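Accompanying notes for the structure given below.
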Amino acid sequence: YNEQFERPSSGINAEYGGGINVMDEVQTAFGRLGSHYWGFEYHDVKPDIITAAKSIGNGFPLAMCATSPEIATAFANSALHFNTFGGNAIACATGLATLQAIDEDGLQENCRVVGTRFLEGFNELRAAHEFVGDCRGQGLFMAMEFVTDKTTNNPLPVYMVQAIMEELKDRRLIFGRGGLFGNCIRIQPPMCVSEEDAEYTLAMMDEVFTEFSEGKIDVEAFNPNK
């Protein structure tokens, strides 16, 4: 039980007479957070339905849904639900092999150890570079925010973020971009990433960030209003 969920849950119960808790674990499941196997465990809640995908197939197109027998029976008896490829043998074998590898290779613990080093390094970069804002995450599920300065924390323009990401790409580092203002990079490396990989990543980020701060990157080439 988590009191943070009390208010929205009570509102649902009052207005609709009850509800179910559905947890989307597509990006957070299977140990990526390091400290927990499932993201909902981090919040100390018990879902009625769990959905997950991506990492359970390790590149194979696979998704899963886990629920209680009561809810599963309701779906099974509904003409509105069907799944063309659900439960096929190849998908099941792939998923089982992936789950076995996660356990045997100790990938959850690897996420905890390497993720901790990443976050330590990100905060070191934050201290060294004025435009690096909040750094947050758990395990190998992380993000870094780019700002104009630490006084205002205004978001760095998107085209400047794109220029930084291109320089990182040239150093064999590919990140996703996100955030409400498009000024965050999303860092979710493979769960088997090593501490050596983390050190290389941090060194290259420091190199690119220094070049950006010194005006050595042609950011205006990415300015759509130029």
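The values are calculated or read from the model by the stated rules, or taken from the named source; none is laboratory data. Everything quoted here is computed from the prediction, not taken from an experiment. When we count neighbours, we look across all protein chains shown, and the Cβ atoms used for this are built from the backbone with ideal geometry, even at glycine. Ligands, DNA and RNA are stripped out before the accessible areas are found, and what is left, the full protein with its side chains, is counted by its heavy atoms. Shrake-Rupley method; radii C 1.70, N 1.55, O 1.52, S 1.80 Å.
State all residues of the stretch 37-57 that are under 19 Å from Asp103 (Cα atoms), surrounded by 18 or more Cβ atoms within 10 Å (Cβ to Cβ) and either among the small types (Gly, Ala, Ser) or over 15 Å from the mean Cα position of the chain (by Cα) (or both); if no residue qualifies, say none.
Gly39, Ala52, Ser55
Exactly one condition in (1) at pLDDT below 90; (2) under 30 Å from Glu195 (Cα atoms); (3) part of a helix (DSSP H, G or I) is false for Ile102; which is it?
(1)
Is one or more of the residues making up the stretch 79-93 out of contact with any Pro (no Cβ under 7 Å at 6 or more places or on another chain), among the hydrophobic types (A, V, I, L, M, F, W, C) and either under 30 Å from Arg117 (Cβ atoms) or crowded, with 18+ Cβ neighbours inside 10 Å (or both)?
Taking every residue of the stretch 79-93 in turn, at least one turns out to be out of contact with any Pro (no Cβ under 7 Å at 6 or more places or on another chain), among the hydrophobic types (A, V, I, L, M, F, W, C) and either under 30 Å from Arg117 (Cβ atoms) or crowded, with 18+ Cβ neighbours inside 10 Å (or both).
Take residues that are of a type in the set (Val, Ile, Thr) and crowded, with 16+ Cβ neighbours inside 10 Å and tell me which of the strands (runs of 3 or more DSSP E) falling wholly in the stretch 115-206 contain 2 or more.
By residue number, 184-187.
Can you tell me which condition Phe82 does not meet? The list is (1) farther than 24 Å from His36 by Cα; (2) assigned to a strand (DSSP E or B), and all the others hold.
Every listed condition holds for Phe82 apart from (2).
Consider only pairs whose beta carbons are under 7 Å apart and that are at least six residues apart or on different chains; among these, list those whose first residue lies in the stretch 128-152 and is on the phi > 0 side of the Ramachandran plot and whose second residue is of a type in the set (Ser, Thr, Tyr) and surrounded by fewer than 18 Cβ atoms within 10 Å (Cβ to Cβ).
Gly139/Ser35
Can you tell me which residue is modelled with the lowest pLDDT among those in the stretch 8-20 that are surrounded by 11 or more Cβ atoms within 10 Å (Cβ to Cβ) and of a type in the set (A, V, I, L, M, F, W, C)?
This residue is Ile12.
Can you name the residue in the stretch 207-219 that is farther than 28 Å from Gly139 by Cα, open to solvent by less than 70 Å² (accessible area, probe 1.4 Å) and not in a loop (DSSP other than H, G, I, E, B) and is also modelled with the lowest pLDDT among such residues?
Val219
Answer yes or no: is there a residue in the stretch 64-73 that is open to solvent by 60 Å² or more (accessible area, probe 1.4 Å) and touching a residue at least 12 places away in the same chain (Cβ under 8 Å).
The answer is yes, given that some residue of the stretch 64-73 is open to solvent by 60 Å² or more (accessible area, probe 1.4 Å) and touching a residue at least 12 places away in the same chain (Cβ under 8 Å).
Please count how many residues of the stretch 21-31 are open to solvent by 30 Å² or more (accessible area, probe 1.4 Å) and assigned to a loop (DSSP other than H, G, I, E, B).
Of the residues in the stretch 21-31, 3 are open to solvent by 30 Å² or more (accessible area, probe 1.4 Å) and assigned to a loop (DSSP other than H, G, I, E, B).
Out of all the residues in the stretch 49-78, which are part of a strand (DSSP E or B) and hydrophobic (A, V, I, L, M, F, W, C)?
Ile49, Ile50, Ala52, Ala53, Ala63, Met64, Cys65, Ala66
Just to be sure I understand the filter: pairs with C-beta atoms under 6 Å, separated by 6 or more residues or on different chains, first member in the stretch 33-51 and over 24 Å from Ile187 (Cα atoms), second member open to solvent by less than 50 Å² (accessible area, probe 1.4 Å). Which pairs pass?
Going by the 6 Å Cβ cut-off, the qualifying pairs are Asp44/Asn2; Val45/Asn2; Pro47/Asn21; Pro47/Met23; Pro47/Phe40; Asp48/Asn21.
Of (1) in a loop (DSSP other than H, G, I, E, B); (2) among the small types (Gly, Ala, Ser); (3) open to solvent by 30 Å² or more (accessible area, probe 1.4 Å), Gly34 satisfies all except one. Which?
(3)
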